[in-house]
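Working notes, structure below.
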Amino acid sequence: MGLQFIPARLVPWEINTGTEGTPNWVDIKGLDGSAWPTPEVEEMDTTDNDSGGIYSSVPIEVKRKVTLKGFIYEDPDTGARDAGQEACEAASPDSGNMGYNTLKQFRYTTPGGTATVRKGWCRAGATDGGRNDKLGWECEISFVE
């Protein structure tokens, strides 16, 4: 069949609510659109008087982040929320967690079965929406390894 494009909706994201030794992978539901970790490179300015007016730099630090965007999932009869969204929100510093308590494992898997696991911390919660829009939700993950 050969190589194919991968639709973003076919790459599920999960959070580990267990431990690294005994993981419990929980789907993060309600996502809409693509979410792929992209590096942000911090540069160190190496321009000096001998640069002839040409800016120069070297990469000094790489940050890997991803923002999962979607919509709040809630059962209108019971008020039960999506377990993956709740796990992300519970791990956020906004809910009182600080330091190493915020570090969780996240996993995404391609349709071909390639799973990538990364440790990081996240900020998650509801985002605004217009009067006739679905209530938004997002989770920004900063990877530490």
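Filtering the stretch 22-59 to residues that are part of a strand (DSSP E or B), in contact with a Lys or Arg (Cβ under 8 Å, 6 or more places away or on another chain) and not β-branched (Val, Ile, Thr) leaves 25, 31, 39, 40, 42. The residues of the stretch 27-59 that are hydrophobic (A, V, I, L, M, F, W, C), surrounded by fewer than 15 Cβ atoms within 10 Å (Cβ to Cβ) and at pLDDT 90 or above, listed by number, are 44, 54, 58.
Quick grid of which residues meet (1) part of a strand (DSSP E or B); (2) in contact with a Gly (Cβ under 7 Å, 6 or more places away or on another chain):
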position	(1), (2)
61	yes, no
64	yes, no
77	no, no
134	no, no
137	yes, yes
140	yes, no
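Listed by first and then second residue, the pairs with beta-carbon distance under 8 Å, at least 6 apart or on different chains, first residue in the stretch 123-136 and under 17 Å from residue 87 (Cα atoms), second hydroxyl-bearing (Ser, Thr, Tyr) and outside any loop (DSSP other than H, G, I, E, B), are 136/127. Residue 73 meets all of the listed conditions (1) of a type in the set (Phe, Trp, Tyr); (2) surrounded by 12 or more Cβ atoms within 10 Å (Cβ to Cβ); (3) more than 18 Å from residue 8 (Cα to Cα); (4) modelled with pLDDT of 90 or more but one, namely (4). Scoring residue 64 on the criteria (1) farther than 16 Å from residue 140 by Cα; (2) of a type in the set (Lys, Arg); (3) surrounded by 11 or more Cβ atoms within 10 Å (Cβ to Cβ) leaves a single failure, condition (1). Residues in the stretch 108-126 that are surrounded by 13 or more Cβ atoms within 10 Å (Cβ to Cβ) and more than 25 Å from residue 61 (Cβ to Cβ): 109, 125, 126. Among residues of the stretch 22-42 that are closer than 17 Å to residue 7 by Cα and in contact (Cβ under 8 Å) with a residue 24 or more places away in the chain, those with a beta-carbon under 7 Å from a residue that is part of a strand (DSSP E or B) and small (Gly, Ala, Ser) at least six positions away or on a different chain give the pairs 30/70; 31/70; 32/70.
The values are calculated or read from the model by the stated rules, or taken from the named source; none is laboratory data. Just so it is clear, the model here is predicted, and its values are computed rather than measured. Reconstructed Cβ throughout: ideal geometry from the backbone, glycine too, with neighbour counts over all protein chains shown.
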